[in-house]
Structures are given as structure tokens and as C-alpha cells.
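Contents: one structure, followed by commentary.
What follows draws every value from the coordinates through simple rules; no lab data is involved. Computed from a predicted structure; not experimentally measured. Neighbour counts are summed over all protein chains in view; Cβ atoms, including those assigned to glycine, are modelled from backbone coordinates with ideal geometry.
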Amino acid sequence: MARDSLATLPNVLSLSRLGFAAAFVLLKGHDERLLLIAAAGATDFLDGYIARHRGSATKWGALIDPVADRFFVFAAVCALLFDDVLTDWQYAAFILRDFFTAVGFLTARVVPALRRVTFVARLSGKVVTVLQLATLALVFLAPSAVTPMLVVVAAVSAYSVVDYTYALYVAGYRA
């Protein structure tokens, strides 16, 4: 994995989600927001696919991709909360996993034995991101399906937090 290359196509695709997040907050139309959700999902898939298949994975990309994902989801969910599209509990169901993941990341940077552990994307985290984006789309396509889907998001998020915590523990124990 290259160390210092920021200007790769996968990284540019990841960074585009920051722009999509800003646009989501600024635009109010359902069609425009739905298009931004689709674009965020497509770039999330493409950046990883290209990085793996073209051998252009970078340390920057490993950092930028999840941050861009979290930023897009957070901005979209906040915009929907402020627009009274989502309730407080729906907002919490969307972002609690991200909150716990951030706490875990910061904890790993503070605990000396865990500082050397390299964070890598796990399948459970990828599944949560896909479910979050799908649920955001449902807000516009099938609003009555949002609540049941958020129950699924919350359950998979809880599993993901446990999965990442266990992986961090195992990696820290071996380090």
C-alpha cells in the first residue's frame, strides 16, 4: 500500500462524498437528495473496487473512505432531522454506531498498547454503511419502511460495534 499518494482516482471518489454531503444539506428537493444518496453509494463502491483491482490502495484512502462515508451519512441525517423528516430516535438509530466507532478509535489512540493497531474496514461496517444509505433512500422512496429498516440498522450496528471492539482487542492483545 502506497504511503503518501493522495491524488488517486479512488481517493478523489471518496473525497467527492464530502461535496455530496454539503450539497445534501443545501438542496431541499427530494429528487436531488435521492440522486446524491445514489452518487454517494456509487462512489463508495467504486473507490474500493478501483483501489483493490488497480492496486491503487493508499494509507490516505484507508482513512479518507470511512471518514467520507461517516460525514455524508451524518450530514444527511442532520439535514433530515432539521427538516423534520426524521424523529429524534430515528436520528439516534442512524448515528449511534458512528458515535461508538469514533469513541473506540479515540480510545485506541489513547491506550498505549493499542496505538500500533492498524484499523481496517470490516464487513460488518460495510454492511452498516450500505444499510444506512438504503435507509436514507427509503426516506424518499418508501417512508413507511424507514422505521422497520432502522431497527435492522440498529441491530447490525450493535453487531458491528461488538465486531470492531473484538477485532481491536485481539489485535491489541497480539501487538
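Numerical summary
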| read-out | value |
| --- | --- |
| Rounded, prolate or oblate (a/c below 1.5 giving rounded, otherwise prolate when a/b exceeds b/c) for the range 1-91 by Cα gyration tensor | prolate |
| Centre separation in Å (Cα based) which lies between the range 23-95 and the range 101-175 | 14 Å |
| Inverse mean reciprocal Cα-Cα distance (Kirkwood Rh) of the range 9-174, Å | 16.5 Å |
| The chain - mean residue ellipticity at 222 nm from DSSP helices (-39,500 (n - 2.57) per run, n ≥ 4, rounded to 500) | -27500 deg cm²/dmol |
| Rounded, prolate or oblate (a/c below 1.5 giving rounded, otherwise prolate when a/b exceeds b/c) for the range 96-175 by Cα gyration tensor | prolate |
| Under the span-like rule (Cα at least 27 Å along the axis, Kyte-Doolittle mean at least -1.0), DSSP H helices of the chain | 30-53, 59-82, 88-110, 146-174 |
| Dipole axis of the chain (+1 Lys, Arg; -1 Asp, Glu on Cβ), positive-most option in Thr129, Val110, Ser160 | Val110 |
| Relative contact order (%) - criterion: Cα under 8 Å, at least six apart; region: the chain | 25 percent |
| Ranked Ser144, Ser14, Ser160, Ser124, criterion: other C-beta atoms within 10 Å, fewest first | Ser144, Ser124, Ser160, Ser14 |
| Sequence of Asp69, Asp88, Asp98 once ranked by neighbouring C-beta atoms within 10 Å, starting from the fewest | Asp88, Asp98, Asp69 |
| Relative contact order (percent, whole number), the range 91-169, Cα cutoff 8 Å, 6+ residue spacing | 48 percent |
| Exposure rule at most 14 other beta-carbon atoms within 10 Å, DSSP loop trypsin sites (Lys or Arg not before Pro): the chain longest free segment | 55-114 |
